[in-house]
Amino acid sequence: MTKAEIIDGKAFAAKLRADVAEGVRVFKVQYGMVPGLAVVLVGTDPASEIYVRNKGKMTREAGMNSFEHKLPEDTSEGDLLGLVDKLNRDDRVHGILVQLPLPRHISEQKVIEAIDPAKDVDGFHVVNAGLLATGGEGIVPCTPLGCLMMLKHRVGDLSGMKALVIGRSNIVGKPMAQLLLRESCTVTVAHSRTRDLAAECRQADILVAAVGVPELVRGDWIKPGAVVIDVGMNRIPGDDGKTRLAGDVNFAEAAEVASAITPVPGGVGPMTIACLLANTLTAARRQMASG
Ligand code: GUN
């Protein structure tokens with residue numbers, strides 16, 4: 001029998017999107033214009049196409065303009081940088097997202113660094129990473145921001161808690177660790193070279209798993225009463241011959257031990273797009289305030 005509270009990311013995200021829609025309504029009255037998000041997709045990766053379609057739909061549902069740019073797989077790096085430059089200078093565009101991964105002949109780093117940091121709603125630009133690390137006010141990457149919102153909603157004050165982040169990516173692990181540190185947690189970052197991952201997990205009051213290894217974290221690794229946030233989205237073979245989505249945590253086992261846990265799907269995933277919309281509104285407000 002499940003003991004843990006299941007954190008409903010879908011409901012939480014729906015509430016956040018409704019709050020953003022209300023903020024957009026006020027923005028329109030205040031400034032006489034509509035916040036706009038430009039999403040750029042290069043190539044035809046099926047998963048990326050679904051993400052981009054969903055982002056466009058939810059952007060419009062929140063009352064914002066969605067500018068979608070679909071470029072062929074063989075687009076040159078120069079042409080993509082040219083488009084980013086054009087979007088940087090377009091006053092109708094307050095947020096720019098270039099869907100990753102990019103084709104191999106294009107440097108992701110170069111493209112991310114070309115985005116105006118004020119419009120970098122992914123929060124991937126080195127200026128935004130630096131602002132997060134130094135206590136400034138930049139734009140925070142969407143997935144860790146969504147995780148933090150759910151954590152704070154469930155736990156309240158996080159200060160003094162032991163947090164373990166599994167994974168050290170620039171997109172999730174590192175910014176997540178920075179956010180938890182900002183909340184005065186004692187933060188450990190584990191990764192593929194960590195010696196005794198189970199022992200590290202057993203210490204953690206808050207466990208954020210973002211490694212991309214299906215069901216890596218077992219129930220007996222979890223400290224009783226811990227709050228578990230599962231960022232994993234792994235497609236694995238299911239019992240019925242079809243595939244199913246699995247997180248980085250063995251949900252059935254963990255739910256017996258944790259006090260609260262996010263499911264996969266329906267946990268962190270829906271929060272990512274909702275936070276993208278929130279970041280776009282934040283970026284638009286700051287751009288209007290700074291003229
Ligand atoms: N591809 C998968 N997730 C993301 C994301 O959060 N941002 C971008 N730009 N690309 C992604």
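What GluC sites (Glu not before Pro) does region 21-119 have in DSSP loop regions with at most 14 other beta carbons within 10 Å? Loop-located and lightly packed - GLU73.
In whole Å, what is the distance between the alpha-carbon centres of region 38-103 and region 247-270? Taking the Cα centre of region 247-270 as reference, the centre of region 38-103 is 31 Å away. How far is the Cα center of region 135-203 from the Cα center of region 219-233, in Å? Between the Cα centre of region 135-203 and that of region 219-233, the gap is 13 Å. Among the listed pairs LYS15/LYS57; LYS10/LYS57; LYS70/LYS174; LYS119/LYS174, those with a Cα-Cα distance over 19 Å are LYS70/LYS174; LYS119/LYS174.
Among ILE171, ILE139, sorting on how many other beta-carbon atoms sit within 10 Å of each Cβ, with the fewest leading, yields ILE171, ILE139. When you filter the trypsin sites (Lys or Arg not before Pro) in region 158-199 for DSSP loop state and at most 10 other Cβ atoms inside 10 Å of their Cβ, you are left with ARG193, ARG195. With both labels modelled 7 Å from their Cα along Cα-to-Cβ, the ALA14 to THR186 distance reads 4.0 nm. Pull out a ≥ b ≥ c, the square roots of the eigenvalues of the alpha-carbon gyration tensor of the chain, then state rounded if a/c is under 1.5, prolate if not and a/b is larger than b/c, and oblate in the remaining case. Prolate, since a/c reaches 1.5 and a/b exceeds b/c. If the segment from ARG218 to ASP85 were pulled out straight at 0.36 nm per residue, it would be longer than the present Cα-Cα gap by 43.2 nm.
Taken together, the values in this text are just the output of simple stated rules run on the coordinates, not laboratory data. A quick note: this is a predicted structure, and the numbers were derived from the prediction, not measured. With ideal geometry, Cβ positions are generated from the backbone for all residues, glycine too; neighbour counts draw on all protein chains shown.
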